Amino acid sequence: MIESPVRDSKSNGSVERAVRTWAAQVRTLRHHLESRIKVKVPRTSALMTWLVAWSADVINRYKVRSSGRTSYEHITGHRGLQAITAFGEKVMFKYTTDKTKRNKMETEWDTGYFVGINSRTTEYLIAKGSGIFSTTTIRRQQDDKSYDPEIVTEVNVLHRDSVMQGSKSTPTEVRAHTTTPSLPNSAVPPVMPRRAKLRQEDFIDFGYTVGCPGCESIQLESNVRRGHNEKCRKRMEEELSKTDRGKDK
Ligand SMILES: [Zn+2]
């Protein structure tokens, strides 16, 4: 088994701060949306899973670190996107043209709710009916039309289900926390024990796996802790194997 080194109070403090930042972001977005739609967003709603995921993105993309770059830039090497709309806002959007150009809807505008950005393609994610659509083109509506309480019942796809369906052949999407990731070690990675014990601090170091039920429950601060999926465990074990903690075995 992996033995964890004793953490000093300083590093525990930064862990607590990071978790607080995350929770505060979720609260802020939730309150903002609720004040506009005039109804509560239930904690157990599908919409809430998107709000939690977007909160992480907001922190990663827009929070400028002491180095002057956001953590999103650290990961991707690209500058973060400009947020042109708020979470849950009802916007107009165009369906993205498919490769065969058979999509008749491509030139027509429709309305849906902004729920995030696809970090791979940087397209906007729009919830519409029971679907999540990716689009490059959105337009804000007049203020009196820009929020709709129907969003609470209309969005019924869980964030992780959407990610799972859309990422079958792509690398595991990672949403990093705001602490500096350790540099990959050039040394040969040690052989890892069968299963590493994953701790909350590890996710703050290495980020949450998009689409993992365990990671989602941490972010939701849920009392019910769910297990991490295989994809998540694999990624975390790889990350841990690069650290002193992993090397100590
Ligand atoms: Zn996980």
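General observations
- Considering residues of segment 99-130 that are within 13 Å of GLU154 (Cβ to Cβ) and assigned to a loop (DSSP other than H, G, I, E, B) only, the residue modelled with the lowest pLDDT: SER130
- Residue selected from segment 199-214 under the condition near the ligand (Cβ under 8 Å from one of its atoms), outside any loop (DSSP other than H, G, I, E, B) and more than 10 Å from the chain's Cα centre (by Cα), by the criterion surrounded by the fewest Cβ atoms within 10 Å (Cβ to Cβ): PRO213
- In segment 1-59, of all residues being exposed (fewer than 15 other Cβ atoms within 10 Å of the Cβ) and under 19 Å from ASP161 (Cβ atoms), the one that is modelled with the highest pLDDT corresponds to PRO42.
- Top-ranked residue of segment 149-163 - restricted to ones that are among the β-branched types (Val, Ile, Thr) and part of a helix (DSSP H, G or I), ranked as farthest from SER45 (Cα to Cα): VAL163
- The listed residue being surrounded by 14 or more Cβ atoms within 10 Å (Cβ to Cβ), modelled with pLDDT of 85 or more, closer than 30 Å to THR85 by Cα and small (Gly, Ala, Ser), out of SER217, SER134, SER167, SER146: SER146
The values are calculated or read from the model by the stated rules, or taken from the named source; none is laboratory data. Worth saying up front: this structure is predicted, and the values here are computed from it rather than measured. Counting neighbours? That spans all protein chains shown, and the Cβs are built from the backbone with ideal geometry, glycine included.
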